[in-house]
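The values are calculated or read from the model by the stated rules, or taken from the named source; none is laboratory data. Predicted model, so just to flag it, every value in this text is computed and none were measured. As a convention, Cβ positions derive from the backbone with ideal geometry for all residues, glycine included, and neighbour counts pool all protein chains shown.
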Amino acid sequence: MSVRVRFAPSPTGLLHIGALRTVVFNDFFAKGKGGSLLLRIEDTDRTRYNPDSEQEFVDTLKWAGIEFDEGPHLGGKDAPYRQSERKEAGIYAEKIADLIEKGAVYKAFDTSEELDEMREFQRINKMPTGYFGGDWRDASPEKVAEAKAAGRPYVIRLKIPRDVKITGEDAIRGKLEWDSNTIDDPVLLKADGMPTYHFAAMVDDHLMGITHVFRGEEWISSYPKHIVLFQAFGWAMPVFVHCPVIVGTDGKKLSKRHGATRVLDYASQGYLPQPLRNFIALIGWNPGDEREAMSDCDLAQAFEIRGIQPSPGRFDLDKLKWMNGLAIRAMSVDELFDTLREYLASEITSEYWNTLEKDDELKIDPAHFVPGMTLLKEALERDPDYVRTVLPLEQERVSTLADFGPACEFFFVEEVVFDQKSVEKAFGTDHVRGLFEFLLAVDSDGFTAADWDKAVHDWAAEQGIEKMGPVVMPIRVAMTGKLSGPGLFDLMAVLGPGRVRARVSRAMEHLR
RNA sequence: GCUCCGGUCGUCUAGCGGUUAGGAUGCCGCCCUUUCACGGCGGAGGUCGCGGGUUCGAAUCCCGUCCGGAGUACCA
């Protein structure tokens, strides 16, 4: 049987990083096994429904490079893929009828006040809380008929068998076991006629022929209910894979405190989808050897459920940065150019940076990034050839696309901003004035980096200067305003004679 | 409270009865170099949560214990 997996989010809000990891597992698994991946929208809760959410999912997944074979936006042989539409199609009603006929479920007419009271009583008496039959599991047919005739709203609950062991397999942890008396009777169909997750997800997984269910480990507690349901139907179970959660650096569930939790924020911060996929897959999974930075193809090929581990993993931004930098360095100039242009032109990017407030906890200050990014964006349109020569010089010293902003800033500004400390450090030596005069005088039209290298070295030799530091540093500060950056002669060649002269002239004003 | 799931360098992880407990990231140092970075090399960092047992031998098996997390909804 060929592999068939699904990502089944509930459209209540944003797509966060933990959910993406589940998708990534699904995706690599499907690809590696030649199976298919589908998107299913679990919109059975009308009160939490968020109309923008589905679009957020589709946009995010598209950015992240996840390709679905079937889904509400694509169609497919198991359409519809929204549970609200499946409900309208009568799919769940039909399956509930099956269970009623089998006597596996019952109608319960409790009001929410009655249920609250029941739980309160259970808590006070230190009993396990939950609906273990209540007044309705064993109610007489007459009592039920009467309640129904009175038009009282009801739910349909699953009868969990009593006094037995419920056992199940988890593909990561192995055999799991519960005392059935600790499992309460879950609602399958709500009073409004909508199915619950427990019901709709299992029915759909079966109907859609899902072979492997990847879901968060928070589902382990309700797994026995799902097992009983499958047994009630007499259906074969798919393989259940309860994936460990991703937590923040403090061990708590990932939240805003730990930086971005919305996947699109990573896009906005200049992370690339491939290293993100790669990095995130490595939280809780490993290929069985010591590879880390891998291609999607290798990732898919290496992906096995047995490589997933049961303990939760933390999200280490430093390691993501490293991996992202690796990917940036691996790009060709054209690739980098196109990626950067798309990134800077994206509305998502500008919206993110324009609304971001300086946040010391996140350690991201828009004032550090935005001016350079704006200059870069303009230059990309106005002077693409110049930008193409600039990019390779900074490519190996950034870790995100956003880093190109501050890194490239000095290439595009009219007037370099001099860092006072750097000026003091570099401009103090006696030979600096002479050096600058030489730079203004030399005929540097068409100079390559090698030409600059030779010219400056020759000048230094004439002056009897052996160490290049005191020669290079003043020029560097004149060109860039600071002491660090790309190779000086490379950068001078890129700037070109006009900019070099203008910057030297301005720097001379600082010599006193 | 009850039920369940976890626990190896700061972090991500390898390990499945015998290893000097391996790799990666981050940190530090050296090399390269005009600087920063990249790259290369090296270093520090782990009493394998803790306590018992089983065994010639335990991170690995068993029991207990502690800590962390999840669930305990007509949410998913």
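Table: residues versus (1) at pLDDT below 95; (2) surrounded by 16 or more Cβ atoms within 10 Å (Cβ to Cβ); (3) within 9 Å of RNA strand B (Cβ to nearest atom).
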position	(1), (2), (3)
A:Leu435	no, yes, no
A:Phe447	no, yes, no
A:Glu466	yes, no, no
A:Gly487	no, no, yes
Please indicate, with yes or no, whether at least one residue in region A:322-331 is more than 16 Å from A:Pro275 (Cβ to Cβ) and either touching a residue at least 40 places away in the same chain (Cβ under 8 Å) or hydrophobic (A, V, I, L, M, F, W, C) (or both). no
Note: among A:Lys33, A:Lys87, just one is touching a residue at least 24 places away in the same chain (Cβ under 8 Å), over 19 Å from A:Ala200 (Cα atoms) and over 22 Å from the mean Cα position of the chain (by Cα), namely A:Lys33
Within region A:365-377, does at least one residue satisfy the condition of being more than 19 Å from A:Met331 (Cβ to Cβ) and β-branched (Val, Ile, Thr)?
yes
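For (1) in contact with a Gly (Cβ under 8 Å, 6 or more places away or on another chain); (2) among the β-branched types (Val, Ile, Thr); (3) within 30 Å of A:Arg382 (Cβ to Cβ), each residue gets a yes or a no:
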position	(1), (2), (3)
A:Phe410	yes, no, yes
A:Leu435	no, no, no
A:Ala455	no, no, yes
A:Asp458	no, no, no
A:Ala461	no, no, no
A:Gly464	no, no, no
Would you confirm, using the coordinates I've provided, whether A:Val413 is aliphatic (A, V, I, L, M), closer than 30 Å to A:Tyr266 by Cα and touching a helix residue (DSSP H, G or I) at 6+ places or on another chain (Cβ under 7 Å)? yes
If we keep only residues of region A:134-148 that are within 13 Å of RNA strand B (Cβ to nearest atom) and part of a loop (DSSP other than H, G, I, E, B), then the residue modelled with the highest pLDDT is A:Trp136
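Given the condition in contact with a His (Cβ under 9 Å, 6 or more places away or on another chain) and not in a loop (DSSP other than H, G, I, E, B), answer yes or no: does some residue in region A:300-310 qualify?
Scanning region A:300-310 turns up at least one residue that is in contact with a His (Cβ under 9 Å, 6 or more places away or on another chain) and not in a loop (DSSP other than H, G, I, E, B).
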Restricted to region A:461-500 and to residues being assigned to a helix (DSSP H, G or I), among the charged types (D, E, K, R) and in contact (Cβ under 8 Å) with a residue 24 or more places away in the chain, the residue nearest to A:Phe447 (Cα to Cα) is A:Asp490
A:Phe109 touching a helix residue (DSSP H, G or I) at 6+ places or on another chain (Cβ under 6 Å), farther than 23 Å from A:Asp43 by Cβ and either surrounded by fewer than 11 Cβ atoms within 10 Å (Cβ to Cβ) or modelled with pLDDT of 95 or more (or both): yes
A careful count of residues in region A:277-316 that are at pLDDT 95 or above, crowded, with 18+ Cβ neighbours inside 10 Å and closer than 24 Å to A:Lys253 by Cβ gives 10
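Looking only at residues that are of a type in the set (Gly, Ala, Ser) and buried (at least 16 other Cβ atoms within 10 Å of the Cβ) in region A:210-255, which one is farthest from A:Tyr197 (Cα to Cα)?
A:Gly248
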Flagged in region A:468-485 as within 22 Å of A:Glu414 (Cβ to Cβ) and either near RNA strand B (Cβ under 7 Å from one of its atoms) or acidic (Asp, Glu) (or both), in numbering order, are A:Arg476, A:Leu483, A:Ser484, A:Gly485
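Return the only residue of A:Glu114, A:Glu94 being within 13 Å of RNA strand B (Cβ to nearest atom), without any contact (Cβ under 8 Å) to a residue 24 or more places away in the chain and surrounded by fewer than 21 Cβ atoms within 10 Å (Cβ to Cβ).
A:Glu114
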Worksheet item: For region A:149-164, does any single residue satisfy the condition of being in a helix (DSSP H, G or I), more than 18 Å from A:Gly130 (Cα to Cα) and more than 9 Å from RNA strand B (Cβ to nearest atom)?
Response: yes
Over region A:392-412, the set of residues within 14 Å of RNA strand B (Cβ to nearest atom) and either touching a His at 6+ places or on another chain (Cβ under 9 Å) or more than 20 Å from A:Gly498 (Cβ to Cβ) (or both) is A:Pro392, A:Glu394, A:Gln395, A:Glu396, A:Arg397, A:Val398, A:Ser399, A:Thr400, A:Asp403, A:Phe404, A:Pro406, A:Ala407
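Can you tell me which residue in region A:411-431 is surrounded by the most Cβ atoms within 10 Å (Cβ to Cβ), limited to those that are part of a loop (DSSP other than H, G, I, E, B) and more than 40 Å from the chain's Cα centre (by Cα)? Before the answer, list the steps.
Restricting attention to region A:411-431, the residues satisfying the condition of being part of a loop (DSSP other than H, G, I, E, B) are A:413-419, A:427-431.
Checking which are more than 40 Å from the chain's Cα centre (by Cα) leaves us with A:427-431.
Working: A:Phe427: 20, A:Gly428: 11, A:Thr429: 15, A:Asp430: 8, A:His431: 16.
Filtering region A:411-431 for residues that are part of a loop (DSSP other than H, G, I, E, B) and more than 40 Å from the chain's Cα centre (by Cα), the one surrounded by the most Cβ atoms within 10 Å (Cβ to Cβ) comes out as A:Phe427.
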Taking region A:175-226 and keeping only residues that are under 19 Å from A:Ile305 (Cβ atoms), more than 7 Å from RNA strand B (Cβ to nearest atom) and part of a strand (DSSP E or B), one is left with A:Lys175, A:His212, A:Val213, A:Phe214, A:Arg215, A:Gly216
